Amino acid sequence: MEILELENMKAVGDAMVGAIGSSRYPFTVDTPRNRDFVKRFHDLHGVYPDMFDGETYEGLEWLGQVIQKAGTDDVEKVIEAWEDSSYEGLEGPFFMRKCDHQAVQLGFAVEAVKDPKYPHPIPKILATYPGEKVTPKCRTEDFS
């Protein structure tokens with residue numbers, strides 16, 4: 001399944017409507033944290049957050065929490081504190097695997113749809129998948 005991202009939807013416009021793909025961060029996820037983030041982001045920038053905006057926010061917020069937990073910004077101590085840690089992201093739970101430092105997170109199947117509240121197509125979530133289903137096993141490319 002191809003990645004279907006907000007920036008593509010905005011660039012292609014109405015021709016993208018009906019396309020189905022995957023997303024790691026659709027701004028339309030309906031959680032209290034995400035609704036708050038989207039509102040603050042839109043108020044500040046005048047646009048809706050794309051995958052890079054959402055994931056950058058989550059990554060930096062999680063890093064800040066891990067540095068606080070480690071009590072230092074020493075790289076080795078931060079790595080140790082981050083391994084096997086969990087984080088409540090904008091769209092749901094994350095887990096950092098110790099074995100390969102892969103963040104395990106939800107995955108989404110989305111469809112580009114028109115919504116009169118937005119000036120461009122937006123991602124409508126069709127299905128949500130647990131991180132274990134969309135993340136390869138440790139140090140492999142095996143999803144089974």
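Here are a few things to note about the model shown:
- The set of residues in region 53-84 being more than 27 Å from R40 (Cα to Cα) and surrounded by fewer than 16 Cβ atoms within 10 Å (Cβ to Cβ) consists of G71, T72, D73, D74, V75, E76, K77, I79, E80, E83, D84.
- Qualifying residue in region 110-118 (condition: exposed (fewer than 11 other Cβ atoms within 10 Å of the Cβ) and under 30 Å from A15 (Cβ atoms)): yes
- Some residue of region 86-106 being within 22 Å of M16 (Cβ to Cβ) and surrounded by 14 or more Cβ atoms within 10 Å (Cβ to Cβ): yes
- Count of region 15-47 residues which are under 14 Å from the mean Cα position of the chain (by Cα) and either among the aromatic types (F, W, Y) or surrounded by fewer than 13 Cβ atoms within 10 Å (Cβ to Cβ) (or both): 4
- Of all residues assigned to region 99-114, at least one qualifies as being touching a residue at least 40 places away in the same chain (Cβ under 8 Å) and β-branched (V, I, T).
- Count of residues meeting criterion [in contact with a His (Cβ under 8 Å, 6 or more places away or on another chain) and of a type in the set (A, V, I, L, M)] in region 7-35: 1
- Test: K133 is over 13 Å from the mean Cα position of the chain (by Cα), assigned to a loop (DSSP other than H, G, I, E, B) and closer than 24 Å to M1 by Cα: no
Any read-out appearing in this document is the output of simple, stated calculations on the displayed coordinates, not a laboratory observation. Since we're looking at a predicted model, the values are computed, not measured. Every residue, glycine as well, gets a Cβ built from its backbone with ideal geometry; the counts of neighbours run over all protein chains shown.
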